[in-house]
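Colleague: Questions regarding the structure given below will be posed in turn.
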Amino acid sequence: MPKKPSKTMDKTMEAKTATLLKHMLDMELQRLRTNVNADIVMFIGVDGRIFCSSLPDEMNKEQFYMFNLVKAMLPSICGQLSSENLSVSIQQYPEGTLFISGVGKNAFLVTVLTGDRGIEKIVSLVSEPIKASAVMLHIFEQRSMEEADLKELPEEVSEELQNLSRQLFVEQFDQTRGYKKNMKIQDWLKKKLGETVGIGSVDEILTLMYNELGTSAPYMDDALWRMMTEKIVQGHVRKLRGDIIADECYKTWMPELEQKLKSFL
């Protein structure tokens with residue numbers, strides 16, 4: 001019998017598609033920007049391409065100056081990264097400060113803070129861009145998010161990756177192929193039930209079945225759908241409509257279910 005999903009499971013998600021990867025990178029940039037109260041954060045490739053960024057909706061004079069300064073400095077930064085293996089750089093100007101931190105050998109983070117915040121304050125913040133660079137590298141290279149693999153990383157990096165995985169699940173789960181598949185199968189099952197036992201009984205039957213399985217529609221798998229459909233036919237349909245209709249439903253529903261499950265492979 002398939003194991004029932006735990007209701008207290010720690011739901012996380014890996015960035016297995018380009019869309020989810022971009023979303024996870026964006027989340028980390030936003031976290032960094034918030035944690036150091038930065039004005040601008042950019043993730044840039046060694047070839048000068050801006051992969052993603054977190055920018056203010058409207059830039060003031062200082063922000064616009066620093067943004068243009070970064071763009072003008074890109075050839076120099078990219079050259080240092082590729083030829084000298086740049087790790088971390090702090091550059092202060094009258095209009096603000098730049099944190100430049102390498103993300104592996106092929107990319108880097110630029111964190112922009114405008115205004116005069118004092119060198120002591122600036123130095124105290126440098127650990128955040130360094131941590132973010134390690135997190136971004138893990139995500140960008142699509143490394144494993146399994147707990148055993150994360151334990152090999154520094155604790156603060158591992159913890160941040162786990163937090164991002166949970167956040168990604170919350171924000172993007174309803175966009176995954178598995179979620180959409182389950183919703184379509186549930187709609188199909190609702191339609192079949194409504195035609196057989198009446199619309200008024202559908203929600204009650206499904207609620208009872210999900211409670212019995214200890215899960216809900218978004219988290220179903222193929223084995224649970226087979227089990228649930230069979231239980232509905234052999235239990236509820238047979239009780240409400242009799243043996244002849246139940247047998248006919250079993251004969252037609254189960255092959256149709258299999259076809260729908262396979263259509264999402």
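Colleague: Restricting to the stretch 92-123, and then to whatever is hydrophobic (A, V, I, L, M, F, W, C) and surrounded by fewer than 14 Cβ atoms within 10 Å (Cβ to Cβ), can you tell me which residue is nearest to S82 (Cα to Cα)?
Modeller: V123
Colleague: May I pose another question? Write out, first by first residue and then by second, each pair whose Cβ atoms fall under 6 Å of each other, whose residues are 6+ apart or on separate chains, and whose first residue, in the stretch 171-185, is modelled with pLDDT of 80 or more while the second is not β-branched (V, I, T) and not in a helix (DSSP H, G or I).
Modeller: From the stretch 171-185, the pairs are K181/F264; N182/M220.
Colleague: Further question on the same structure: Output the residues belonging to the stretch 112-130 that are of a type in the set (A, V, I, L, M) and either outside any loop (DSSP other than H, G, I, E, B) or at pLDDT 90 or above (or both).
Modeller: Applying the first criterion (of a type in the set (A, V, I, L, M)) to the stretch 112-130 yields 112-113, 119, 122-123, 125-126, 130.
Those that are of a type in the set (A, V, I, L, M) and either outside any loop (DSSP other than H, G, I, E, B) or at pLDDT 90 or above (or both): V112, L113, I119, I122, V123, L125, I130.
Colleague: Got at least one residue in the stretch 139-158 being surrounded by fewer than 14 Cβ atoms within 10 Å (Cβ to Cβ), of a type in the set (S, T, Y) and either over 26 Å from the mean Cα position of the chain (by Cα) or assigned to a helix (DSSP H, G or I) (or both)?
Modeller: Looking through the stretch 139-158, none of the residues is surrounded by fewer than 14 Cβ atoms within 10 Å (Cβ to Cβ), of a type in the set (S, T, Y) and either over 26 Å from the mean Cα position of the chain (by Cα) or assigned to a helix (DSSP H, G or I) (or both).
Colleague: Which one is farthest from S76 (Cα to Cα) among residues in the stretch 50-60 that are modelled with pLDDT of 90 or more and in a loop (DSSP other than H, G, I, E, B)?
Modeller: Among those that are modelled with pLDDT of 90 or more and in a loop (DSSP other than H, G, I, E, B), it is E58.
Colleague: Got a number for residues in the stretch 29-49 being closer than 14 Å to G96 by Cβ and either at pLDDT below 90 or in a loop (DSSP other than H, G, I, E, B) (or both)?
Modeller: 4
Colleague: May I ask you to verify whether S165 is out of contact with any strand residue (DSSP E or B) (no Cβ under 8 Å at 6 or more places or on another chain), outside any helix (DSSP H, G or I), on the phi < 0 side of the Ramachandran plot and modelled with pLDDT under 85?
Modeller: no
Colleague: Another question, then. Cβ-Cβ under 8 Å, sequence separation 6+ or interchain: first residue in the stretch 210-225 and farther than 18 Å from H236 by Cα and in contact (Cβ under 8 Å) with a residue 40 or more places away in the chain, partner among the hydrophobic types (A, V, I, L, M, F, W, C) and buried (at least 18 other Cβ atoms within 10 Å of the Cβ). Which pairs?
Modeller: Pairs that qualify, where the first residue is farther than 18 Å from H236 by Cα and in contact (Cβ under 8 Å) with a residue 40 or more places away in the chain and the partner is among the hydrophobic types (A, V, I, L, M, F, W, C) and buried (at least 18 other Cβ atoms within 10 Å of the Cβ), are T215/L224.
Colleague: Okay, moving on. Taking the residues in the stretch 44-68 that are among the β-branched types (V, I, T) and touching a residue at least 40 places away in the same chain (Cβ under 8 Å) as candidates, determine which candidate is surrounded by the most Cβ atoms within 10 Å (Cβ to Cβ).
Modeller: Across the stretch 44-68, the extreme among qualifying residues is I44.
Colleague: Let me ask another. Look at K71 and say whether it is charged (D, E, K, R), surrounded by fewer than 19 Cβ atoms within 10 Å (Cβ to Cβ), part of a loop (DSSP other than H, G, I, E, B) and in the same structural domain as M136 (by TED's automatic domain parsing).
Modeller: No.
To keep it simple, each residue is scored yes or no on (1) surrounded by fewer than 14 Cβ atoms within 10 Å (Cβ to Cβ); (2) closer than 27 Å to K22 by Cβ.
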| position | (1), (2) |
| --- | --- |
| L168 | no, yes |
| N182 | no, yes |
| D187 | yes, no |
| T215 | no, no |
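Colleague: All but one of (1) in contact (Cβ under 8 Å) with a residue 60 or more places away in the chain; (2) surrounded by 13 or more Cβ atoms within 10 Å (Cβ to Cβ) hold for I245; state the number of the condition that does not hold.
Modeller: (1)
Colleague: What number of residues within the stretch 133-164 are touching a Leu at 6+ places or on another chain (Cβ under 9 Å) and either touching a residue at least 12 places away in the same chain (Cβ under 8 Å) or hydroxyl-bearing (S, T, Y) (or both)?
Modeller: Total meeting the criteria: 16.
The values are calculated or read from the model by the stated rules, or taken from the named source; none is laboratory data. The structure presented is a predicted model; accordingly, all values stated were derived computationally and were not measured. Reconstructed Cβ throughout: ideal geometry from the backbone, glycine too, with neighbour counts over all protein chains shown.
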